[in-house]
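**Q** Encoded as structure tokens, here's the structure I'll be asking about.
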Amino acid sequence: MEGLMMDYPLTLTHIFERVARYYPRQEVVTRLPDRSLHRYTYADFHSRALRLASALASLGVSRGDRVATFCWNHFRHLELYFAVPVLGAVLHTLNIRLHPSQLAYIANHAEDSVLFFDASLAPLVERFRGELKTVRRFVWVPDTGQASPDWALDYEELLASGHESFPLPSLDEREAAAMCYTSGTTGEPKGVVYSHRAIVLHSFAEAMGSVFGLNDSDVVMPVVPMFHANAWGLPFTCVMVGAKQVFPGPHLNPESLLELVEGERVTVTAGVPTIWLGILAALDREPGKYDVSSLRVIPCGGSAAPRAMIEGFEKRHGITVLHAWGMTETTPLGTAAVLRPWMRGWSEEEKLSVRETQGAPVPFVEVKALDEEGREVPWDGKTMGELVVRGPWVAGAYYRNPEASAEAFTPDGWFRTGDIVTISPEGYIRITDRAKDLVKSGGEWISSQELENALMGHPAVLEAAVIGVPHPRWQERPLAVVKLKEGASASPEELREFLAPRFPKWWLPDAFVFVDEIPKTSVGKFQKRALREQYKDYRLEG
Ligand code: AMP
């Protein structure tokens, strides 16, 4: 039809230029490895990122080239988050917690041309540097203040060689801006490529009042790493809305984070539940030690947020935990457990029953759940099925991986998440498990996640992971691996009794083992696979 709107591209370039023009004085704060705080403004960020983009162009980085980062959350990583995409190149964040052989595989598969790495992480880079086939240049990010080795350029020297008057290219919104690999439990890691358009639309959705509600009065501390799913897109969203950002660097222990919340008056901080379990325990141990009154909301996801944790923050400290769900393949935000207006008058218990779900889809994300025959299951809050999703920031394929791509989509093009869910009549999804984590007992399914969440509601329990172990009669039975809080004690009988009123008898774990540490994945989730391996010969009574 004639007389339509302009076809204006949705690119990160606009967000980048806008923050310098309209929010030049807003701050970005970073905790460095020596614990000191670095501060500068978005005006500084913008001029430095422009110089970096120009220096990258001089190094020969051009449209579509992959530029890898191996960095903690800090201001220089933020510079890379923008300098690389606005140049038309592709920011490839490497997960520093992966095994060296996986890192080499990923960087080679992506054909990264330049690798930026934190000086403090140099020993890890040494472990896979020799296996990299396509990296032409290494750049030392001097977070420790030490001088670079002879095989790497120095970030600050590189940046000094660039110039601010560098003209940025006009980009198409469908060009790639960033990429990230997801470490599946089977097979090699799979690459997900984010377009400018996807990231921009995702930022709009994330900022919405009825999602995270981010604006320029917020002080946002992304604890979720910038090397995992773009720190949930927060660095992009914050720059778009002009919010102040606080980066914790490598210091992720509760005390360091709480000091930053108090000192910088953080209003929003986001990360996986294990981080907040630690913070809640610290707050409960010494109430009043830290002033956390500035905190408005903690978006929490990556694995299930236990109900008791959501309740504990709310009741004892007046802080809202906003449970959300997403995946590397969904940029990552898909759903958020925000209450609808008619629910706000409900009882605390009823509200908690909504807020503990993974939430309802944000605008432009569609969800449904399919049974084993691929039929849609009813939205009755009871029937389990595999969650499938689609939307403008959901991956359309894996990068150069036709086999994985063929398996990942339904015949009509929905992305199969591998998460087993129920969907309530109001559209809130509840993840009962990853398909592979369900405990299959006598042909019936037991949700390991629901048992874990309930166990983490026991006052003595800090963390709990439930796995299926082989059983002579029932094929598999649940075993609970429990880490108690410092100085606390509990017996298996006591924990069993605690669970008994909430679950059918046959759901209750057959055994409890107490451990000092539950192994975690590279992104802080319980490592069920390692636990299953460790306890595969555990003998349960027949
Ligand atoms: P990743 O791509 O590493 O971020 O992992 C995505 C997976 O994490 C999802 O498919 C879920 O299995 C899990 N996940 C993410 N958010 C949640 C949540 N709020 N509750 C339970 N599981 C979650």
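**Q** Long-range amide H contacts for Gly359: which residues qualify at under 5 Å (H placed 1.01 Å from N, peptide plane, sequence gap of 5 or more or a different chain)?
**A** Ile429
**Q** Any chance you could check the Cα centroid distance between segment 273-307 and segment 381-396 for me, in angstrom?
**A** Measuring centre to centre over Cα atoms gives 29 Å.
**Q** Tell me, what ³J(HN,Hα) does each residue in segment 73-85 have, in order and in whole Hz, if you take phi through Karplus 6.51 cos²θ - 1.76 cosθ + 1.60 with θ = phi - 60° and put x for Gly and Pro?
**A** Calculated HN-Hα couplings, in order: 7, 7, 5, 6, 5, 4, 4, 5, 4, 9, 4, 5, x Hz.
**Q** For the pairs Lys351/Lys485; Lys440/Lys483; Lys436/Lys525; Lys368/Lys525, note any where the Cα-Cα span goes beyond 20 Å.
**A** Lys351/Lys485; Lys440/Lys483; Lys368/Lys525
**Q** Using Cα positions and a limit of under 13 Å, work out the aspartates and glutamates in reach of Lys190, with same-chain residues fewer than 8 apart set aside.
**A** Cα-Cα hits under 13 Å: Glu329, Glu403, Glu407.
**Q** Hey, can you rank 276-285, 174-183 by average C-beta count inside 10 Å, highest first?
**A** Sorting 276-285, 174-183 by mean packing, highest first, produces 174-183, 276-285.
**Q** Where does each of 45-52, 465-472, 139-146 land if you order them by average Cβ count within 10 Å, highest first?
**A** Highest mean packing first, the order is 45-52, 465-472, 139-146.
**Q** Right, here's the next one. With Kirkwood's inverse mean 1/r over C-alpha pairs for Rh, give me the Rg to Rh ratio of the chain, two decimals please.
**A** Rg divided by Rh gives 0.96.
**Q** Which ³J(HN,Hα) values in Hz, rounded to whole numbers, follow from the phi angles of segment 128-140 under the Karplus curve 6.51 cos²θ - 1.76 cosθ + 1.60, where θ = phi - 60° and Gly and Pro get x?
**A** 10, 3, x, 9, 7, 9, 10, 6, 8, 9, 10, 10, 7
**Q** What nm distance separates the two modelled labels at Ser161 and Met208, each placed 7 Å from Cα along Cα→Cβ?
**A** My value for the distance between the label points is 4.5 nm.
**Q** Could you give each residue of segment 346-355 its phi-based ³J(HN,Hα) in whole Hz, using Karplus coefficients 6.51, -1.76, 1.60 with θ = phi - 60°, and x for Gly or Pro?
**A** Per-residue couplings from phi come out as 5, 5, 4, 4, 5, 5, 4, 5, 8, 5 Hz.
**Q** A follow-up question, please. Mind putting together the pair-distance distribution for segment 1-121? All Cα pairs, 5 Å bins, whole percent per bin, short to long.
**A** Spelled out per bin, shortest first, that is 2, 10, 18, 19, 18, 15, 9, 5, 3, 1, 1, 0, 0.
**Q** For segment 181-274, I need the span (max minus min coordinate) of the C-alpha atoms along each principal axis, in Å, sorted largest to smallest.
**A** 44, 30, 20
**Q** Can you give the calculated 222 nm mean residue ellipticity of the chain, where each DSSP H run of n ≥ 4 adds -39,500 (n - 2.57) and the sum is split over every residue, rounded to the nearest 500 deg cm²/dmol?
**A** Dividing the helical sum by the residues of the chain leaves -8500 deg cm²/dmol.
**Q** Could you work out how far the C-alpha centroid of segment 451-509 sits from that of segment 134-168, in angstrom?
**A** 50 Å
**Q** Moving on to the next point. Computing the accessible area with a 1.4 Å probe over protein heavy atoms, can you report the carbon and sulfur percentage for segment 141-250?
**A** The nonpolar share, carbon plus sulfur, comes to 49 percent.
**Q** Any chance you could get the radius of gyration and Dmax over the Cα atoms of segment 473-542, in Å?
**A** In order Rg, Dmax, the Cα atoms of segment 473-542 give 13.3, 37 Å.
**Q** For the chain, with only Lys/Arg (+1) and Asp/Glu (-1) charged at the beta-carbon, what is the dipole magnitude about the Cα centre, in debye rounded to 20?
**A** Computed charge dipole of the chain: roughly 120 debye.
**Q** Another one. Can you pull the percent of Cα pairs in segment 282-355 with separation above 22 Å?
**A** 30 percent
**Q** Give, rounded to the nearest 20 debye, the magnitude of the charge dipole that segment 301-427 has about its Cα centre when Lys and Arg contribute +1 at Cβ and Asp and Glu contribute -1 at Cβ.
**A** 540 debye
**Q** Let me ask something else about it. What three numbers, in Å, describe the spread of the alpha carbons of segment 384-428 along their principal axes, ordered from the longest?
**A** Cα spread of segment 384-428 along its principal axes, largest to smallest: 38, 21, 16 Å.
The values are calculated or read from the model by the stated rules, or taken from the named source; none is laboratory data. Everything numeric in this text was worked out from a predicted model, so none of it was measured. Counting neighbours? That spans all protein chains shown, and the Cβs are built from the backbone with ideal geometry, glycine included. Note: accessible area is taken over every heavy atom of the protein model, side chains too, but ligands, DNA and RNA are not part of it. Shrake-Rupley method; radii C 1.70, N 1.55, O 1.52, S 1.80 Å.
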